[in-house]
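**Q** The structure under discussion is supplied below as structure tokens; questions concerning it will follow.
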Amino acid sequence: MNTVQPDFASRSVPRHLARGALGFGLIIGAIALVPVVGPAALLAAPLALIAFRGCPTCWAIGLVQTVSRGRLERRCEDGVCSLTKTAP
């Protein structure tokens, strides 16, 4: 049985790192600006979730998927799954 797993990867590592920088910047900015702007600064936090495509953990999983894309292949035979290197 082949099930579709969620894919959090980006098209390239630089693009994924840019999304992470944007997401973490928005979270840090939202928290840091609360004393200056007030609770309205927290409205930037949902934008970070859009940049992360979920939570920071989803972004980290996507980073691993992006880096390993094309290098590792998941194979399942007789109910046993394993990761193998792809042929060059």
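The values are calculated or read from the model by the stated rules, or taken from the named source; none is laboratory data. Since the model is a prediction, treat every value here as computed from it, not as a measurement. Cβ atoms come from the backbone with ideal geometry, glycine included; neighbour counts cover every protein chain shown.
**Q** Kindly indicate whether Gly38 is surrounded by 15 or more Cβ atoms within 10 Å (Cβ to Cβ) and over 21 Å from Arg11 (Cβ atoms). Lay out the reasoning, then the answer.
**A** Working: surrounded by 15 or more Cβ atoms within 10 Å (Cβ to Cβ): no; over 21 Å from Arg11 (Cβ atoms): yes.
Considered against the rule, which asks whether it is surrounded by 15 or more Cβ atoms within 10 Å (Cβ to Cβ) and over 21 Å from Arg11 (Cβ atoms), Gly38 comes out as no.
**Q** Run Ile31 past the list (1) out of contact with any strand residue (DSSP E or B) (no Cβ under 6 Å at 6 or more places or on another chain); (2) surrounded by 12 or more Cβ atoms within 10 Å (Cβ to Cβ); (3) outside any helix (DSSP H, G or I) and report the number of the one that doesn't hold.
**A** Here Ile31 clears every test but (3).
**Q** What number goes with the only condition from (1) of a type outside the set (D, E, K, R); (2) out of contact with any helix residue (DSSP H, G or I) (no Cβ under 6 Å at 6 or more places or on another chain); (3) not in a loop (DSSP other than H, G, I, E, B) that Ala44 does not pass?
**A** Against the list (1) of a type outside the set (D, E, K, R); (2) out of contact with any helix residue (DSSP H, G or I) (no Cβ under 6 Å at 6 or more places or on another chain); (3) not in a loop (DSSP other than H, G, I, E, B), Ala44 comes up short only on (2).
**Q** Right, here's the next one. Under 7 Å by Cβ, and 6 or more places apart or on different chains, what pairs join a residue from segment 53-72 that is at positive phi and surrounded by 13 or more Cβ atoms within 10 Å (Cβ to Cβ) with one that is part of a helix (DSSP H, G or I) and not aliphatic (A, V, I, L, M)?
**A** Arg53/Trp59; Arg53/Gly62
**Q** What is the residue count in segment 47-88 for residues that are over 25 Å from Val13 (Cβ atoms), acidic (Asp, Glu) and part of a strand (DSSP E or B)?
**A** Residues that pass the stated criteria total 1.
**Q** Only one residue in Ala40, Ala21 is of a type in the set (Gly, Ala, Ser) and at pLDDT 95 or above. Which one?
**A** It is Ala21.
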